[in-house]
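Let me begin by presenting the structure, written as structure tokens, before commenting on it.
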Amino acid sequence: MLMKTLQEKTTDQLMNRIKKDDEKAFHCLFDRYWESLYVTAKSIIGHEDTAKDMVQEVWIGFWERRNKIENTNIEAYLKQAIKFRVFKELRKTPLTEEHKEYLQEISSGNHADEQLIFDQTRHLVSDSIQELPDRCREVFTMSREEQLTNAEIANQLNISKRTVETHISHALKNLRLKLTSFLF
């Protein structure tokens, strides 16, 4: 009976209960959005188990940060969180054509909330890259946009491979910090 009553609650009402450590409300919200988050992750990653793991991580993070999350649009928040988690995973591997097509779809989507979040994220990333020191920005751009190896970058810029790694690490740390504070 309680679960049926919870299922009739709005997302905002569930979120208010979750902030009061109501695990049943959390499970109700989980049931409401799990599948759409899974479909999003799987459509990008292509691996069921990996997608399930990512969705699980998003929900764990959601529970841990429940008191810091604003109730403005929980569905958009969760969708952005899963996309951020997927992109974090994709950063470890080169993008395939399918991934690039999906990113293009996201940028040209009709969903106003998603488009707004995407645009804000894209601008934040672009601004963050522009704020990097000149050499760090140059190395990062060569690595991520031109997809050159660290050795190729080192040879072109006449610096050590370790210096290239340090610049990339600094850039990623900076981006991660700014994106994490923006998304969560």
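Bear in mind that the values in this text are calculations on the coordinates, not laboratory data. A quick note: this is a predicted structure, and the numbers were derived from the prediction, not measured. Quick reminder, even Gly has a Cβ in these numbers, built from the backbone with ideal geometry, and neighbours come from all protein chains shown.
Candidate cross-link partners of K42 among the lysines, defined by an alpha-carbon separation under 17 Å and a same-chain spacing of 8 or more, comprise K52, K79, K83, K88, K92, K100. Expressed as an acute angle from 0 to 90° and rounded to the nearest 10, what is the orientation of the C-alpha long axis of helix 48-64 relative to the principal long axis of the chain? On a 0 to 90 degree scale, this one is about 70. Positive end of the charge dipole of the chain (Lys, Arg +1 and Asp, Glu -1 on Cβ, about the Cα centre): tell me which of N16, I45, F84 has its Cα farthest that way. Highest projection toward the positive end goes to N16. R0 = 22 Å: FRET efficiency of L116 with F87, Cβ-based, nearest 0.05? That gives a FRET efficiency of 0.80. The tail of the calculated P(r) for the chain beyond 30 Å holds 30 percent of all Cα-Cα pairs.
Here the gap between Q13 and E152, fully extended at 0.36 nm per residue and compared with their Cα-Cα distance, gives a gain of 44.6 nm.
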